[in-house]
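To keep things clear, I will list the structure first and then write my remarks on it.
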Amino acid sequence: MKLKIVIVALLFAQSAVADWFDDLRNSGNAADLYRVLYYMPKGGDLHNHLSGSNFSEWWYELALAQKERGYHYYTKVRIENCVAYGGNQFGRSPYYLMFRNITALQHQQLSDCEKSEYKPLEQLNEDEKTGWLASIQLDKPYEGREEFFGTHWPRLNVLTKNPWLQAETLYRNMQAFGAEGLSYLETMIAVYGFADPDGNTITAQQVIDILRERLQQEDAVETGVTVRLQLPILRFLPSAEEQLRGVYKLVHDNSDILVAVNMVGREDNDKGHPRRFLATLRDLRRQYSGVSLSIHAGEVDEPNNHVRDTLLLGADRIGHGINLISDDDTMLLMRHGPYMVEINLISNLLLQYVNDMQEHPFPEYLRTGIPVALSTDDRGMWDSTLTDEFFVAVTEFNLSWDEVKTLSRNSLKYSFLAPQLKQDLLQDFATRISKFERGMEKYGLRETGPMPPTRSFICKRYELCN
């Protein structure tokens with residue numbers, strides 16, 4: 001009899017918890033919903049490009065701070081048609097690309113005409129600074145996939161090749177994610193092509209050591225966010241197999257901080273098709289154990305078998321997986337299975353892989369038992385947060401509280417953390433979310449805090465500005 005009473009009490013408690021969230025979601029009060037989702041404990045972000053995750057103002061502030069290490073940056077603020085006078089612009093980057101960043105050493109090597117096109121970053125006037133900040137955001141209605149792939153990364157340029165700058169952006173992300181209640185971040189960072197202020201090569205292992213040291217510092221630990229790194233390769237380059245061999249070994253040799261290899265880059269460039277890497281990966285698995293794969297697949301407009309072929313490569317997680325919906329056999333394979341899809345709602349909308357959120361296959365995956373979790377992709381370039389991803393998911397797809405919790409649990413359950421640490425974070429999440437539920441049931445919005453500031457994506461699309 002006592003057991004029946006306990007079971008009934010538990011079921012009633014669960015129903016009450018669901019009721020408060022249903023009432024909040026259906027109230028039409030977007031600000032209250034956003035506030036609750038911000039303060040809600042969260043699991044992890046598993047699909048995150050570090051360079052794309054940094055907000056423009058972070059890049060500007062932290063790049064200027066690197067003067068202490070001898071790094072001085074210039075950015076292009078005008079066009080003087082110097083190519084007519086023999087300008088070379090350091091390789092293949094488009095000459096007419098404004099706000100492209102270069103080092104002081106590169107600036108010294110330019111012709112006088114080309115030098116006049118650049119300004120030290122710290123000397124930008126207000127209009128120039130505003131343009132610089134906007135140049136690495138998708139902030140115009142007509143901007144999309146071509147702007148993102150074709151200009152954002154060439155503009156950042158040398159900023160992504162300073163390991164100390166990257167380490168500080170990583171810390172800044174940890175702070176921001178910690179404030180959102182996140183406990184785990186698994187982010188992608190390239191470790192090749194780095195250089196000191198004098199142009200001397202900084203090896204990949206040295207880059208990893210710099211990142212490891214920064215993560216061990218007290219202020220980083222105090223954020224409460226556990227971090228592990230993935231090493232990406234650019235899949236369509238002629239040297240991609242060579243890159244894959246290099247990063248695979250680095251992940252194996254630095255397993256305390258590195259957990260996976262990823263393949264990035266546009267899938268509509270057929271030179272990077274998944275099966276290209278099958279023989280290389282099979283060879284690598286003969287040599288090394290313990291290297292996980294989380295690979296971009298299905299981030300294309302047309303139906304194809306990229307998701308299936310990516311699973312064949314040995315991937316345990318699929319990044320994006322938008323066109324999985326068109327592959328019936330692989331959909332069946334992934335239902336209730338060991339493979340997870342990393343969902344990036346805002347990214348897929350802004351890069352025009354869906355024209356509207358109602359076209360997104362996310363709810364079909366979620367509600368047919370394909371494991372999914374929300375992630376941010378290149379949130380700095382969208383000017384959005386992980387809270388925004390949850391807000392979009394709840395608002396557009398009428399998520400239940402149980403579904404919200406499942407998304408966070410999945411982001412820990414399908415992480416590449418060592419088993420014991422994964423279990424610890426899952427237990428910690430269970431404790432935190434239960435406490436939050438009890439507080440919301442008892443105190444309502446008083447369990448949260450003041451309305452957090454919203455960034456431009458949510459402000460523009462949902463008119464939730466503060």
Is it true that residue 251 is farther than 22 Å from residue 407 by Cα, modelled with pLDDT of 95 or more and not in a helix (DSSP H, G or I)? no
Within segment 211-248, of all residues that are over 21 Å from the mean Cα position of the chain (by Cα) and under 22 Å from residue 185 (Cα atoms), the one surrounded by the fewest Cβ atoms within 10 Å (Cβ to Cβ) is 218
Unmet requirement for residue 410, which otherwise passes all of (1) on the phi > 0 side of the Ramachandran plot; (2) assigned to a helix (DSSP H, G or I): (1)
When (1) part of a loop (DSSP other than H, G, I, E, B); (2) in contact (Cβ under 8 Å) with a residue 24 or more places away in the chain; (3) surrounded by 13 or more Cβ atoms within 10 Å (Cβ to Cβ); (4) in contact with a helix residue (DSSP H, G or I) (Cβ under 7 Å, 6 or more places away or on another chain) are applied to residue 348, the one that fails is (1)
Need pairs with beta-carbon distance below 9 Å; first residue without any contact (Cβ under 8 Å) to a residue 12 or more places away in the chain and within segment 439-451, second exposed (fewer than 14 other Cβ atoms within 10 Å of the Cβ); sequence gap 6+ or separate chains. 439/446
Among the residues that make up segment 28-44, is at least one of them outside any helix (DSSP H, G or I), modelled with pLDDT under 95 and under 30 Å from residue 443 (Cα atoms)? yes
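Would you confirm whether or not segment 413-426 contains a residue that is assigned to a loop (DSSP other than H, G, I, E, B), within 15 Å of residue 36 (Cβ to Cβ) and of a type in the set (Ser, Thr, Tyr)? Can you show your working first?
In the first step, residues of segment 413-426 are kept if they are assigned to a loop (DSSP other than H, G, I, E, B); the result is 414-418.
With within 15 Å of residue 36 (Cβ to Cβ) added as a condition, the list becomes none.
No, because not a single residue in segment 413-426 is assigned to a loop (DSSP other than H, G, I, E, B), within 15 Å of residue 36 (Cβ to Cβ) and of a type in the set (Ser, Thr, Tyr).
Kindly indicate whether any position in segment 258-268 is in the same structural domain as residue 359 (by TED's automatic domain parsing), at negative phi, among the hydrophobic types (A, V, I, L, M, F, W, C) and at pLDDT below 95. Don't jump to the end; show me each part of the working.
Step one: list which residues in segment 258-268 are in the same structural domain as residue 359 (by TED's automatic domain parsing), which gives 258-268.
Those still in the list that are at negative phi too: 258-264, 266-268.
Going one step further and asking which of them are among the hydrophobic types (A, V, I, L, M, F, W, C), we end up with 258-261, 263-264.
Remaining after also requiring at pLDDT below 95: none.
Within segment 258-268 (the criterion being in the same structural domain as residue 359 (by TED's automatic domain parsing), at negative phi, among the hydrophobic types (A, V, I, L, M, F, W, C) and at pLDDT below 95), the answer is no, since none of the residues qualifies.
Looking at residue 35, is it loosely packed, with under 13 Cβ neighbours inside 10 Å and in contact (Cβ under 8 Å) with a residue 24 or more places away in the chain? Can you show your working first?
Details: loosely packed, with under 13 Cβ neighbours inside 10 Å: no; in contact (Cβ under 8 Å) with a residue 24 or more places away in the chain: yes.
Considered against the rule, which asks whether it is loosely packed, with under 13 Cβ neighbours inside 10 Å and in contact (Cβ under 8 Å) with a residue 24 or more places away in the chain, residue 35 comes out as no.
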Select from segment 163-199 the residues that are free of Cβ contacts under 8 Å to residues at least 60 places away in the same chain, buried (at least 23 other Cβ atoms within 10 Å of the Cβ) and under 16 Å from the mean Cα position of the chain (by Cα) and list them in ascending order. 174
Against the definition (at pLDDT 95 or above and assigned to a loop (DSSP other than H, G, I, E, B)), how does residue 440 come out, yes or no? no
When (1) of a type in the set (Gly, Ala, Ser); (2) at positive phi; (3) modelled with pLDDT of 95 or more are applied to residue 315, the one that fails is (2)
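The values are calculated or read from the model by the stated rules, or taken from the named source; none is laboratory data. For clarity, every value in this text was computed on a predicted model and none was experimentally measured. Cβ: placed from backbone, ideal geometry, glycine included. Neighbour counts: every protein chain shown.
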